[in-house]
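Chemist: Dumping the structure here so I can ask a few things about it.
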Amino acid sequence: MIPLATIGRLIEAGGSNNLGDPAWVASFSDLGACSAINTHGWQTWYPVTESLTDSEVECVIRALTHCEKEFHWLGGSVSAVIWTFKALENRGTTDVSALAEWVLRTSNNPWVPFGSDRGNARSLEEIRLANAARSARRLATKQAEDRRHENADASRLKRGNEHNAVRADHRSRWERLVGELEPLASGDRIRGLLHVEGSIAMSSFPESWASAISADDLATFSSAELATLVKRLASVDRGEWKALRRRMNELDLTAEFVRTDHGVPAE
């Protein structure tokens with residue numbers, strides 16, 4: 001609790017005609033030792049102001065403002081000026097704008113009277129302009145962030161569409177090739193695959209094609225065809241296509257070529 005005598009001194013100090021003058025500082029120097037009351041929260045100051053008239057609360061606000069300044073009271077963002085000003089403003093019985101202008105001109109505490117950091121603003125108009133500028137910056141930042149997200153979403157959608165288009169194209173070409181090669185003899189099917197671009201993996205074609213080709217079929221392949229087939233099978237690591245690579249390694253016709261020229265180890 002704040003002693004009633006202290007509240008009375010604040011009312012007297014705030015109503016003085018020479019508020020803030022050297023004579024005032026000397027007359028109310030006893031308040032200099034009361035810095036602790038300036039760190040009490042609204043739980044203390046709201047009840048204190050309830051028994052005071054509007055004019056008395058205004059006197060307390062003026063006195064607190066000068067005490068904070070002249071006696072170097074602690075306060076900052078929890079200054080008693082904030083709570084007493086809010087208490088008076090909340091009553092709605094008096095226009096506090098003139099009082100707010102006075103506090104803004106007088107105090108060197110950037111947190112009073114509204115409890116938000118006003119920076120260097122010294123009037124309600126300066127606060128309004130600063131708030132408008134801050135809002136404009138926030139809006140510009142948000143709009144830039146929204147555009148960034150929109151562009152990122154658009155890029156992801158474009159990449160996804162392009163990827164899907166490539167997959168669809170690969171699928172279409174794969175189906176066409178299967179349809180064209182399926183009726184052919186086993187050796188001719190494999191020869192047909194040798195002319196398929198590398199973007200369609202040989203192992204994606206039916207494994208029955210790999211298991212169907214015989215040593216006699218392979219013996220009919222030219223050296224260039226065998227070289228291409230070895231390269232195409234080099235990265236296959238499972239299934240019948242791997243088994244075909246193994247069978248090729250076992251052929252005397254290609255063993256030396258496979259092991260030495262193209263680095264595919266015999267298995």
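The values are calculated or read from the model by the stated rules, or taken from the named source; none is laboratory data. Computed from a prediction, not measured in an experiment: that's the story for all the values here. Methodologically, a virtual Cβ is constructed for each residue, glycine included, from the backbone with ideal geometry; neighbour enumeration extends over all protein chains shown.
Chemist: If I ask for residues that are in contact with a helix residue (DSSP H, G or I) (Cβ under 7 Å, 6 or more places away or on another chain), outside any helix (DSSP H, G or I) and closer than 21 Å to Leu88 by Cβ, which ones from region 115-131 would you list?
Modeler: Within region 115-131, Gly115, Arg118, Ala121, Arg122, Ser123 meet the criteria.
Chemist: While we're here: Do any residues in region 239-255 that are at pLDDT below 80 have Cβ atoms under 6 Å from those of residues that are assigned to a helix (DSSP H, G or I) and crowded, with 17+ Cβ neighbours inside 10 Å, where the two are at least six apart or on different chains, and which pairs are they?
Modeler: Thr254/Leu226; Thr254/Met248
Chemist: Can Glu101 be described as in contact with a Leu (Cβ under 8 Å, 6 or more places away or on another chain) and assigned to a helix (DSSP H, G or I)?
Modeler: yes
Chemist: Shifting gears a bit: Can you tell me which residues in region 192-229 are of a type in the set (Val, Ile, Thr) and either assigned to a loop (DSSP other than H, G, I, E, B) or not assigned by TED's automatic domain parsing to the domain that holds Lys242 (or both)?
Modeler: Scanning region 192-229 gives Val196, Ile200, Ile213, Thr220.
Matching residues to (1) more than 29 Å from the chain's Cα centre (by Cα); (2) farther than 30 Å from Cys67 by Cβ; (3) among the hydroxyl-bearing types (Ser, Thr, Tyr):
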site: Glu125; (1), (2), (3): yes, no, no
site: Gln143; (1), (2), (3): no, yes, no
site: Leu177; (1), (2), (3): yes, yes, no
site: Leu193; (1), (2), (3): yes, yes, no
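Chemist: I'd like to verify a number: residues in region 118-136 that are in contact (Cβ under 8 Å) with a residue 24 or more places away in the chain and within 19 Å of Val78 (Cβ to Cβ), how many?
Modeler: Residues that pass the stated criteria total 0.
Chemist: Check Leu139, Leu99, Leu104 and return the single one that is within 39 Å of the chain's Cα centre (by Cα) and in contact (Cβ under 8 Å) with a residue 12 or more places away in the chain.
Modeler: Leu104
Chemist: Please specify each residue of region 17-50 satisfying the condition of being polar (S, T, N, Q) and crowded, with 18+ Cβ neighbours inside 10 Å.
Modeler: Asn38, Thr49
Chemist: Kindly check whether there is at least one residue in region 170-191 that is outside any helix (DSSP H, G or I) and surrounded by 15 or more Cβ atoms within 10 Å (Cβ to Cβ).
Modeler: For region 170-191, residues outside any helix (DSSP H, G or I) and surrounded by 15 or more Cβ atoms within 10 Å (Cβ to Cβ): absent.
Chemist: Please give the number of the condition Ile2 fails out of (1) among the hydrophobic types (A, V, I, L, M, F, W, C); (2) part of a helix (DSSP H, G or I); (3) over 19 Å from Asn108 (Cα atoms).
Modeler: Looking at each condition in turn, Ile2 falls short on (2).
Chemist: Continuing with the same structure: Just one of the numbered conditions (1) surrounded by 15 or more Cβ atoms within 10 Å (Cβ to Cβ); (2) at pLDDT 95 or above is not true of Thr53; which one?
Modeler: Evaluating Thr53 over (1) surrounded by 15 or more Cβ atoms within 10 Å (Cβ to Cβ); (2) at pLDDT 95 or above leaves (1) as the failure.
Chemist: Which ones in region 38-96 are over 41 Å from the mean Cα position of the chain (by Cα), within 17 Å of Pro110 (Cβ to Cβ) and in a loop (DSSP other than H, G, I, E, B)?
Modeler: His72
Chemist: Between Arg105, Arg62, which is surrounded by fewer than 18 Cβ atoms within 10 Å (Cβ to Cβ), of a type in the set (Lys, Arg) and either touching a Gly at 6+ places or on another chain (Cβ under 8 Å) or modelled with pLDDT of 95 or more (or both)?
Modeler: Matching residue, one of Arg105, Arg62: Arg105.
Chemist: Another question about this same structure. Looking at Ser123, Ser135, Ser77, which is the one that is touching a Lys or Arg at 6+ places or on another chain (Cβ under 9 Å) and either of a type outside the set (A, V, I, L, M) or surrounded by fewer than 17 Cβ atoms within 10 Å (Cβ to Cβ) (or both)?
Modeler: After ruling out the rest, the residue left standing is Ser123.
Chemist: So if I check each of Gly92, Gly115, which one is on the phi > 0 side of the Ramachandran plot and in contact (Cβ under 8 Å) with a residue 24 or more places away in the chain?
Modeler: Result: Gly115 is the single residue among Gly92, Gly115 that is on the phi > 0 side of the Ramachandran plot and in contact (Cβ under 8 Å) with a residue 24 or more places away in the chain.
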